[in-house]
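Here the structure is laid out as structure tokens; the discussion comes afterwards.
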């Protein structure tokens, strides 16, 4: 492989001049810059990223720890993070926590050891001492989708409360009165927030949310099956099951089918986190959708702002309701447009 000395010899300049060109330093003549870039191209020279990181104290690398790579929502989130980071000149190293706090901390520790410039995390719980210490130490960090309350770092998330109200209004309009929810882990902000949003929306219509209608899940399909089986074993089962996550919704659908029951004829089903699969299930599933791609892109921009010394910005985007046939209604003729307005505030 060509070295920086080879490039200097080919261009007829000093090694220092080559270094200034590669670092985009302004004090280089147009002629010298042209010759250096031509030599770089001719020799196929690639700068040593490790050596450069030692000189500049930057690796141009971001870390991303997502909650579950098997969840299509987080897969799309990771994809948008990588695309935006690449557009801004950064690489991304991924870690999959698999909804396990210990595995989350393993990835965070590994990424910090590799001297990443900044960290994006969707926390699996709210009590990681490692992340608390990293935030206090000034590690550039942004929480995406989920967050740890009280930690002073930017948060990029979607506000699902209005969409959950729209869902409950829709279900009430269809005549449903017994509504149950499969909740995510209470230790996650999304797990607790979605239950509270559902409870508040029901209260607007004078509908209760009894304990028997709150199934405890873990954002995995199997927990959706277990919770739905428990609902269906009740003396008065619910008319609607609202799964606070897409994988739990698929588990709920499996549980209903295993009993020879039909959606929506025997029980209605709705979900939080719309995914492409829901269009192809039978019936297609009504869901609260989040602007996943924009969340990932906004999270990268927020993190790069922190890294490059600009004021940190939290970002809240709007979620919206997508009505399909799983609650007994016909699918709309055209899909709704994704909202574009954002609300930015200081963390």
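Every number here is computed from the coordinates shown, using simple stated rules; none is lab data. All figures in this text were calculated on a predicted structure; none of them were measured in a lab. Positions of Cβ are generated from backbone atoms using ideal geometry, with glycine treated the same way; all protein chains shown enter the neighbour counts.
Shown for the chain is the translational diffusion coefficient from the Stokes-Einstein equation, using the Kirkwood radius over Cα pairs, a temperature of 25 °C and a viscosity of 0.890 mPa s: 110 µm²/s.
Taking label positions 7 Å along the Cα-Cβ direction at both residue 170 and residue 91, the computed distance is 4.3 nm, reported to one decimal.
Quick one: length gained pulling residue 9 to residue 316 fully straight, 0.36 nm per residue minus the C-alpha distance? Kindly include the intermediate steps, with their values, before the conclusion.
Numbers: separation 307, 0.36 × 307 = 110.52 nm, distance 5.28 nm.
In short, 105.2 nm is gained.
Between the helical axis of 292-307 and the longest alpha-carbon principal axis of the chain there is an angle of about 40 degrees. Please build a GNM for the chain, connecting alpha carbons under 10 Å apart, and tell me which residue among 83, 236, 222 fluctuates the most. With Cα springs under 10 Å in the chain, the top fluctuation among 83, 236, 222 is at 236.
Helix 221-232 axis versus longest C-alpha principal axis of the chain: approximately 10°, rounded to the nearest ten.
If a spin label sat at a point 7 angstrom from the Cα of residue 38 along the line to its beta carbon, the backbone N atoms of segment 1-21 nearer than 15 Å would be those of 7-13. Between residue 186 and residue 234, the modelled labels are 1.8 nm apart [label points 7 Å from Cα along Cα→Cβ]. If the chain linking residue 199 and residue 282 were pulled fully straight, counting 0.36 nm for each residue of separation and taking away their Cα-Cα distance, it would gain 27.1 nm.
Against the chain, whose longest principal axis is taken from its Cα atoms, helix 30-43 shows a tilt of about 70°.
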